[in-house]
Amino acid sequence: MLKKNDSYEIFSVQAGKVLMVTVRDLLNAKNLSTSRFSTIAAVVPKLSPDDRLGSVVRILSEYRIRALPVVQKGKVEGALKIRDIVKMMQDSMSSSVKVSAIMTPNPITIDSGDTALKAKNLMLRRKIDHLPIMRNGKLAGIVDSDSILYAIRSPERQPVAWGSSTFEMKRTLNFPVDEIMSGHALEVAPNDSLQKLIAEMLKAGTNAALVTWAHELQGIVTFRDVVKILAEKSKQEPQVYIVGLPDDPFESETAKTKFSRIVATLSKSMRIIEARAKIKMQKTSKDRERRRYQVMVSIATVNNIYNFSREGFQLSDIFDQLQQSIKRINVKRPKTKPTARKMSETE
């Protein structure tokens, strides 16, 4: 199905969750005939037709995936692929951005005489899908994960059934990797513009380009690298609101400054969409001149909404207390970058 549709991933909706299996997931599976779809699949975010393109770009970049499913009424109606997004946004790219600014320098390579099995293991271990191939110290071509997966099922070799053991699959890939490499890899120069790179990749129908200079390999660039730039460009500062500020100009400015700093600090570790602070003030019954404050804060991120509330007589102290509480959001969050979450068999 992947080869027929020229796709890297397959989507399925199960129990209200959208699952995705990629070519690399299939290469990593020990037994494809007995493995359940849900055990090798990952849960991915889903899109609606109303989602903005900027949000899609950021999700693709954060989760390091090539496509996102468009879901309506619990069914996958289609997918928005990274190639389609790059094509739509290529005209907005600055011509001053060079390939060298986004490429992966000194990429992992493999020798033309090494086996396809070694290439497969390298891809899985390094979590990559493209390997430049060298012959006698010179660039000879490139191999991708798709080619390795299809070689496993190729009738031209000893075909391996999906239910074959890991040993049999290893034996099937025990041939020189240059037999399945592409000897016509797209090559670009480090000082080529990003616009030229995108145009060449779209024209060639490839997801990766090799960066060369004086016939020497300098780096590799994929559509994922391009999306990183687009994600940075589409980032917006979080919307910050504060209402109920006191009449005292000093207290008012202090509250605005402290809340802005809280949001700015938190924005370094998570993407905040909106932050609101509401200040309520009331005079105490014993001392009508003394004011007591209640501050309610709501912070909306991509995945959650966090609410906090503190009371006291000194507005500055209240915001200091809020800052300590809000810092704990990062303590509770995993420190690893967001990835497509794997399903367990019990889900």
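The values are calculated or read from the model by the stated rules, or taken from the named source; none is laboratory data. What you see is a predicted model; the values in this text were computed from it and never measured. All Cβ positions, glycine included, derive from the backbone under ideal geometry; neighbour counts span all protein chains shown.
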Return yes or no: is M169 buried (at least 16 other Cβ atoms within 10 Å of the Cβ), outside any strand (DSSP E or B) and modelled with pLDDT under 90? yes
Restricting attention to the stretch 254-286, which residues are assigned to a helix (DSSP H, G or I) and in contact with a Lys or Arg (Cβ under 6 Å, 6 or more places away or on another chain)? none
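Determine which member of the set P190, P155, P176 is of a type outside the set (D, E, K, R), more than 31 Å from the chain's Cα centre (by Cα) and modelled with pLDDT of 90 or more.
P176
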Go through the stretch 21-68 and count every residue that is within 14 Å of the chain's Cα centre (by Cα) and within 25 Å of I102 (Cβ to Cβ). 17
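Could you check the stretch 193-212 and list, in sequence order, the residues that are among the hydroxyl-bearing types (S, T, Y) and modelled with pLDDT under 95?
Within the stretch 193-212, S193, T206 qualify.
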How many residues does the stretch 167-216 contain that are among the charged types (D, E, K, R) and within 21 Å of D91 (Cβ to Cβ)? 4
Yes or no: P190 over 30 Å from V302 (Cβ atoms) and outside the structural domain of A140 (by TED's automatic domain parsing)? no
